[in-house]
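Note sheet for the following structure.
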Amino acid sequence: MEEEWKEYKLCEVAQLLTGFPFDGHKYSKAGIRVVRGDNVTIGSLRWESEKDKRWNERFSRSNEFSLKEEDIVIGMDGSRVGRNRAQIKAKDLPLLLAQRVACIRNTEKSIQKFLYYQIFSNKFEAYIKSVQTGTSIPHVSLKQIGNFPTSIPSINTQRRIADILSSLDSKIELNRRINDNLEQQAQALFKAWFVDFEPFRGGKFVDSELGMIPEGWNIQPISSIFNFQEGPGIRNWQYVNNGTKFINIRCINNDIINIQNANMISDEEAQGKYAHFMLKENDIVISCSGTLGRKALVLKEYLPLCLNTSVIRFTPRINRQLGFLYGYLGSSLFLNKQIELASGSVQANFGPIHLKGMSIAIPDNNVLNQFSDIVNSIIQKKKNIISESLRLTNLRDSILPKLMSGKIKIDKLNS
């Protein structure tokens, strides 16, 4: 007998909360972190220094506004309203909830994992887009979120559906941790070779404008060994619904380019006026405005993809030396220099004019090639893992709406 799915509003199967109106003048650098709209981004919380606001005052209502593990938080204002949503992890706690951020918790009619996949669906995003108000700054109310129409099966079926989807997410998360470890290996190798000079300690060192370096090494401008290019300024009025995607800083996260959230220009513009800015496989892109140092390698799965302003594309002048470029751009050597040279009082900006004034101590090509060969093998492992995660993500995203609407039957999927 086929199971019946019942239609509800979200508020009928979940508890909806919004936060406390904390006095912004009393935020501190110490105390309990406060989740504000600025902290909720697509799939995660962000805590860059200027966004890390804490409450260190006595607060009698802390229990009422304290978040819990697996709570779902939704930003209620801004251009990405309906997309800025995240789930609280144990490592995030303790946290307090601020006004204009919604919190979703399950009731006896639902389980939290099932609600998570309802909220993180394209259906929810499309619903919010249809009911949001405001032109310059879109916003949504808690009542509108609570009116989201949802289909709910039995608790047992909810759990089985959530288990299927979370098993895919668990593998994606495991891949992310493996890649984080590989990244740490690449950066440890770069530091050992080009900062601490460990493999060369048995030889002679000489003084240079950058300090003591192994004898025989040269100080060279990075423009002599890397090519770099900043993207054009693609304006809002050129965006289209079907065409070629272009990259923004917000698309770069954890060494991955999230092309699902990329805006588009027309194919005609991509092949014409912006053809010179089309990215290629193994390009490395770096954020150069606001949050500096976000890095990602361009995979063939991302293409076609266009460069945009506030992002710089790097390529090695010798293809074999991709590993050296990758190690350098992820190193503290580069990031510290980026921060030091960046201009702008409100928002840090770093561009080609700064890069042209940067130098680095370089050994001969034999040493560079040896190092690059080691790191290139790490890069290839990372690429394979990211490609697998992209396939798993696409699989999850394709079956999610069908599972959440009952169009795929669990028994048939398990068989």
Filter result (of a type in the set (G, A, S) and over 18 Å from H139 (Cβ atoms)) within the stretch 55-85: S60, S62, S66
Residues satisfying the stated conditions in the stretch 327-384, i.e. polar (S, T, N, Q), closer than 27 Å to P199 by Cβ and open to solvent by 70 Å² or more (accessible area, probe 1.4 Å): S332, N336, N365, N366, Q370, Q380
Among residues of the stretch 252-300, those that are within 27 Å of Q184 (Cα to Cα) and part of a strand (DSSP E or B), counted: 13
Hey, E70 modelled with pLDDT under 95, part of a loop (DSSP other than H, G, I, E, B) and in contact with a helix residue (DSSP H, G or I) (Cβ under 7 Å, 6 or more places away or on another chain) or not: no
Among residues of the stretch 73-99, those that are closer than 19 Å to P21 by Cα and touching a Leu at 6+ places or on another chain (Cβ under 9 Å), counted: 6
Residue that is nearest to L142 (Cα to Cα), among those in the stretch 1-19 that are open to solvent by 50 Å² or more (accessible area, probe 1.4 Å), outside any loop (DSSP other than H, G, I, E, B) and not charged (D, E, K, R): T18
Top-ranked residue of the stretch 287-296 - restricted to ones that are under 14 Å from the mean Cα position of the chain (by Cα) and either open to solvent by 10 Å² or more (accessible area, probe 1.4 Å) or among the acidic types (D, E) (or both), ranked as nearest to I256 (Cα to Cα): K295
Residue check for N156: in a loop (DSSP other than H, G, I, E, B), open to solvent by 60 Å² or more (accessible area, probe 1.4 Å) and either more than 20 Å from D397 (Cα to Cα) or not acidic (D, E) (or both): no
Residue check, I32 under 25 Å from the mean Cα position of the chain (by Cα), open to solvent by 40 Å² or more (accessible area, probe 1.4 Å), modelled with pLDDT of 95 or more and hydrophobic (A, V, I, L, M, F, W, C): yes
Residues of the stretch 136-153 that turn out to be open to solvent by 70 Å² or more (accessible area, probe 1.4 Å) and either among the polar types (S, T, N, Q) or in contact with a His (Cβ under 9 Å, 6 or more places away or on another chain) (or both), as a count: 1
Where a residue in the stretch 377-406 is closer than 16 Å to D169 by Cβ and part of a helix (DSSP H, G or I) and its partner, wherever it lies, is of a type in the set (S, T, Y) and open to solvent by 30 Å² or more (accessible area, probe 1.4 Å), with Cβ under 8 Å and at least six apart: none
From the options I284, I219, I234, residue that is modelled with pLDDT of 90 or more, closer than 27 Å to I339 by Cα and open to solvent by less than 30 Å² (accessible area, probe 1.4 Å): I284
Number of positions in the stretch 94-111 that are polar (S, T, N, Q), in a loop (DSSP other than H, G, I, E, B) and open to solvent by 10 Å² or more (accessible area, probe 1.4 Å): 2
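The values are calculated or read from the model by the stated rules, or taken from the named source; none is laboratory data. None of these values were measured; they are calculated from a predicted model. Cβ sites come from the backbone with ideal geometry, for glycine too, and all protein chains shown count toward neighbours. Keep in mind that these areas ignore ligands, DNA and RNA; they rest on the heavy atoms of the full protein, side chains included. Shrake-Rupley method; radii C 1.70, N 1.55, O 1.52, S 1.80 Å.
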